Each structure stands twice: as structure tokens, then as C-alpha cells.
Amino acid sequence: MTSHDVVARVRRILGTRKVGHAGTLDPMATGVLVLGIERATKLLGHLALDRKVYLATIRLGTATTTDDAEGEHLSEPDPAVLAAVTDAAIAAGVAALTGPIEQVPSSVSAVKIDGKRAYARVRAGEDVVIPARPVTVYRFDILGTRRDDKAIDLDVMVECSSGTYVRALARDLGIALGTGGHLAELRRTRVGPFDLRVARTLEALQDAPGLSLDLDAAVATAFPRRDLDRVESAALSHGKRLPAAGITGTYGMFDPTGKALALGVDEGKTAKALVALAV
């Protein structure tokens, strides 16, 4: 199921065409996909989803064409090579891929090359070379290791910047260890401030249609908060600027009842509404 498939299904469940998503999730992955419904679609382009957390299984022993389990095998496991890979070598390889790194995305990623997605170019038979780009891996923790003569499976937790490909981490770890490697399983547990605690499965949504967070709660979760008094709220509703709040970046503006009126931003000594949210 693609992210587009999820959006289509939620449109049917909630009976509205106004559904959008904030960042795709690979078809083989499970976990958190942030959706905006109706007026909340206005938030999607302003969300700071710059950190993501994943639980994954990396399989050492086999490289694939897509760097994940859906690709064709480029190599076969060598039991002797796998047996020689120590836990210390794995830890060193993981450490080398932690922190600020230069990463080459998978050739079948959604990265655009001359305006066209890399995966589309690969499917059209083109040879695709994607330049390395800077990303940050804040955490790369090994949670468990399972070994046999065909594979070493590593259960890991990865916290990374937006634009980081976990399957590229699996590929590069396999290359460093001389075994080949690919991503066997992937589950996204957090995107920015949104995590599994507020997520709902499609099955649960089908049984009881509704929102995980209403608009007021979503704005309060995703943005710094500015509470306005009655006079400021009235001025904002008439399109007037307010005194600057001294808040960096985009923030939520709330009236005295806790209703989200707008997303705002400081400009010098004044503040303006970027997106009006109140009906």
C-alpha cells in the first residue's frame, strides 16, 4: 500500500476529498503517516517534520537492487564471511554511520533528478547516479542480533533527519562489513511531534471514523503556542497585524477559549497570520 492508497482509503472512510499527507511512507513500511483532513490540510506545508524515528530489521548477507526486501538479489550469502563478522565490527560499522554523514539515496528512491523521480528513471531503463547529500543520524542503536549461516539480522532503532534513507544505511553497513545488506522490515514510530500513541490503524478508523487530533490539538502539538487576549483575537480576525511574539518560526495563535485561529510568524516588530484556520 502506497501513501496515495492510504489517502484514497481515508477519503472513502471519512467521506471527503480534502485529505492530504505530510511526507510519504515506503509501500513496504508500516507506522506513522501524518494526514490532514479538511481545514487541517492547510497545516501540512508548514509542519516541521525534520526528525523521524524508525524501528527496522537490517539483513546482512545479501544486497538487493532496491536496498530493501522487495528488490532482486545482487549477491548470495557466504556463510564463511558471515561467520567472520563480529559484534564489534558491526558496532563499529554502525558508529561510522551515526552523526552527520554524506548519504547516497537508493537509486529507486523518490529523489528528483532533473525534475523526474529516480525510481521512474530506473523503471524506464536508465542508469541512475544520485549524488551524496548531507543527512544526520542522531541515533542508530542495535536492539538485537540474530545469526544463522545465511544472514545476520539486526533489529535497530534509527532517529534521523528528514531525507535520510534507512535502506541506504542497511546497504552501506553491508558494504562496510563486506557482506552486502538490505532493509528487511521498517516501521516508522514518530514523525516530528506525532508518534504511535496518537496513530490509528485504517481498520480502527473504518470501525469508528474520526480524527486522532482535532485541529486545535494538532496545532498545539505541532507548533509553538501564542495565546491571544480578546482584543488581539478580534484584531487578528480583521486582518490586522499584532505585536511580535518573540517566537522563532511559525507558531499557533489561539483565542482565549483555546481555539486555533491561525498560524502566525513574526516579521520585525509585528506578527502576521500566515494561514487562517478559524471558520
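The values are calculated or read from the model by the stated rules, or taken from the named source; none is laboratory data. All values reported here derive from a predicted model rather than from experimental measurement. Backbone-built Cβ (ideal geometry, glycine too); neighbour counts: all protein chains shown.
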Cβ-Cβ under 9 Å pairs, at least 6 apart or on other chains, the range 229-252 side surrounded by 18 or more Cβ atoms within 10 Å (Cβ to Cβ) and hydroxyl-bearing (Ser, Thr, Tyr), far side part of a helix (DSSP H, G or I) and at pLDDT below 95: 250/46
Answer from 108, 158, 128 - the residue that is touching a Phe, Trp or Tyr at 6+ places or on another chain (Cβ under 9 Å), β-branched (Val, Ile, Thr) and either at pLDDT 95 or above or on the phi > 0 side of the Ramachandran plot (or both): 158
Single condition residue 199 does not satisfy, out of (1) touching an Asp or Glu at 6+ places or on another chain (Cβ under 6 Å); (2) in the same structural domain as residue 21 (by TED's automatic domain parsing); (3) small (Gly, Ala, Ser): (1)
Residue 27 being surrounded by 17 or more Cβ atoms within 10 Å (Cβ to Cβ), assigned to a loop (DSSP other than H, G, I, E, B) and not hydrophobic (A, V, I, L, M, F, W, C): no
Among residues of the range 49-74, those that are loosely packed, with under 15 Cβ neighbours inside 10 Å and either of a type outside the set (A, V, I, L, M, F, W, C) or in the same structural domain as residue 263 (by TED's automatic domain parsing) (or both), counted: 3
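Given the condition within 22 Å of residue 107 (Cβ to Cβ) and polar (S, T, N, Q), answer yes or no: does some residue in the range 140-155 qualify? Step through it out loud before you land on a result.
The initial filter retains those residues of the range 140-155 that are within 22 Å of residue 107 (Cβ to Cβ), namely none.
Within the range 140-155, none of the residues are within 22 Å of residue 107 (Cβ to Cβ) and polar (S, T, N, Q).
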Identity of the residue in the range 131-154, loosely packed, with under 14 Cβ neighbours inside 10 Å and of a type in the set (A, V, I, L, M), that ends up modelled with the highest pLDDT: 143
Checking residue 88 against (1) over 23 Å from residue 137 (Cα atoms); (2) surrounded by fewer than 15 Cβ atoms within 10 Å (Cβ to Cβ), the condition it does not meet: (1)
Close pairs from the range 259-279: first surrounded by 17 or more Cβ atoms within 10 Å (Cβ to Cβ), partner of a type in the set (Asp, Glu) and assigned to a loop (DSSP other than H, G, I, E, B), Cβ under 8 Å, at least 6 apart: 261/255
Residue identified as closer than 20 Å to residue 222 by Cβ and buried (at least 21 other Cβ atoms within 10 Å of the Cβ) among 166, 198, 158, 191: 191
Test for residue 213: is it under 22 Å from residue 19 (Cβ atoms) and outside the structural domain of residue 24 (by TED's automatic domain parsing): yes
Some residue of the range 215-234 being more than 30 Å from residue 106 (Cα to Cα), of a type in the set (A, V, I, L, M, F, W, C) and in a loop (DSSP other than H, G, I, E, B): yes
